[in-house]
Amino acid sequence: MAWNRKHLLDIQSLSADEITTILDTARAFKAVGRRAIKKVPALRGKTVINLFVEPSTRTRISFQLAAQRLTADIINFSAEVSSLRKGESLKDTTRNLEALNADIIIIRHSAAGAPHFLSRILKASVVNAGDGSHEHPTQALLDVFTMREKKGSLKDLNVTILGDILYSRVARSNIWALRKMGANVTLAGPATLVPRMFEKLGCRVVYDLKDAIADADVINILRIQHERQRKTMFPSIGEFSKMFGINKSRLDWTKEDTIIMHPGPINRGVEIDNDTADGERSVILEQVTNGLAIRMAVLFLVNGGQGPHEVTG
Ligand code: CP
């Protein structure tokens, strides 16, 4: 399956074949990462801008290293010290970046739809690194990559996504990716954060933790997105943790080979305890490692790469 998209804006508009192309390309790049010389010249002479208007650790650094591994020039744009603080619009800021011959603009923004807007006004490729509560496509891609690597196939895999679903772009992108790839998705958490409307996306919605995790092959745990909640959605952090937190004793409710995932940042002692986060079932840091390969694949593909067969160097 050849890739012919200029942008990566969301998972919703991708086909299962396109998702597979990204995963297979990432697998080839992960192999490159095991070599003594981890760089390839695929983006030599290209300019990549990391435009993060919201905080990030994993995604920003991962995209930066991905661009460097592909031999691109990378500029890290920090909103805090930019003219956005003086009232310059996103449109004007990005047009100025494009005037410096940016080839790929990676954007994280609190406004849902910001990457789609940029894709309509810029000539550069646009990659969504998280837009409001809407989507976080590369996070979902690294998540399904990790699941496929650990479990062999996504078809009929039972994946439970646990916690704050309503405000989570990670949840939305995961739901799209997992349903397209044939996985069964269960969503669980407080009713205020897991409305039944998600059943329309083909998910099972449950409010009992034991029921939610009993058959899970994968539990993907999400933090509470305080920065996006406009009102209190549950009585207290303590009560959320008591009702839906994953800890060592609750792992007894799961199958022996259930793996634990979390996109980060983790709030230890809230949605996950130390024993679980650092335990042998946890693949949380492997997710971070796989994120690098996924982001190399995405930058490579939106720049005109066709697929895994073209990964050389
Ligand atoms: N998972 C994730 O998006 O983490 P960052 O906010 O640190 O990029």
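Annotations for the structure displayed:
- Distance from the alpha carbon centroid of region 1-56 to that of region 112-159 works out to 11 angstrom.
- At R0 = 22 Å, FRET efficiency that the Cβ-Cβ distance of Ile266 and His226 yields, to 0.05: 0.95
- Pairs from Lys6/Lys151; Lys38/Lys248; Lys39/Lys151; Lys30/Lys180; Lys180/Lys255; Lys155/Lys210 whose Cα-Cα separation, in the structure shown, is over 27 Å: Lys6/Lys151; Lys38/Lys248; Lys39/Lys151
- Within a straight-line Cα-Cα reach of under 14 Å, Lys46 can be paired with the following aspartates and glutamates, leaving aside sequence neighbours fewer than 8 residues apart in one chain: Asp73, Glu98, Asp103.
- Nonlocal amide H pairs with Ile74, under 5 Å, H built at 1.01 Å: Val48
- Computed about the Cα centre, the dipole magnitude for the chain is approximately 760 debye when only Lys and Arg (+1) and Asp and Glu (-1) carry charge, each at its Cβ.
- Extension reserve of the Arg44-Ala99 stretch, reckoned as 0.36 nm per residue once the Cα distance is removed: 17.9 nm
- Kirkwood-based shape ratio for region 137-287, expressed as Rg/Rh from alpha carbons: 0.92
- Among Thr20, Thr160, Thr59: highest mean-square fluctuation, GNM of the chain, C-alpha pairs under 10 Å: Thr20
- Computed from label points 7 Å out along Cα-Cβ, the spacing between Asp211 and Lys6 is 4.8 nm.
- Accessible-area ranking of Trp176, Trp253, largest first, probe 1.4 Å: Trp253, Trp176
- Percent antiparallel among DSSP beta bridges (both partners in the chain, rounded to 5): 5
- Which of Leu251, Leu201, Gly238, positive extreme of dipole for region 198-273 (C-beta unit charges): Gly238
- Partners of Lys150 within straight-line reach, counting aspartates and glutamates whose Cα lies under 18 Å from its Cα and excluding those fewer than 8 residues away in the same chain: Asp24, Asp215, Asp217, Glu256, Asp257, Asp278, Glu280, Glu286.
- Computed [θ] at 222 nm, helices only, for the chain once each DSSP H run of length n ≥ 4 contributes -39500 (n - 2.57): -10500 deg cm²/dmol
- Each principal axis of the Cα atoms in the chain has its own extent, and those three values, largest first, are 53, 45, 34 angstrom.
- For the chain, modelled as a GNM whose springs connect Cα atoms under 10 angstrom apart, the maximal fluctuation among Leu162, Leu142, Leu43 occurs at Leu43.
- Once backbone amide H atoms are built at 1.01 Å from N, Phe52 has Phe77, Ala79, Arg108 as its partners under 5 Å, excluding neighbours fewer than 5 places away on the same chain.
- Charge tally for Leu43 (other residues, Cβ to Cβ under 13 Å; Lys, Arg +1; Asp, Glu -1): +2.
- Fluctuation leader among Asp252, Asp211, Asp103 - the chain, Gaussian network, Cα springs under 10 angstrom: Asp252
The values are calculated or read from the model by the stated rules, or taken from the named source; none is laboratory data. Computed from a predicted structure; not experimentally measured. Every residue, glycine among them, receives a Cβ derived from its backbone with ideal geometry; neighbour counts consider all protein chains shown. Each accessible area value is taken on the protein alone, full model and side chains, heavy atoms only, with ligands, DNA and RNA left out. Shrake-Rupley method; radii C 1.70, N 1.55, O 1.52, S 1.80 Å.
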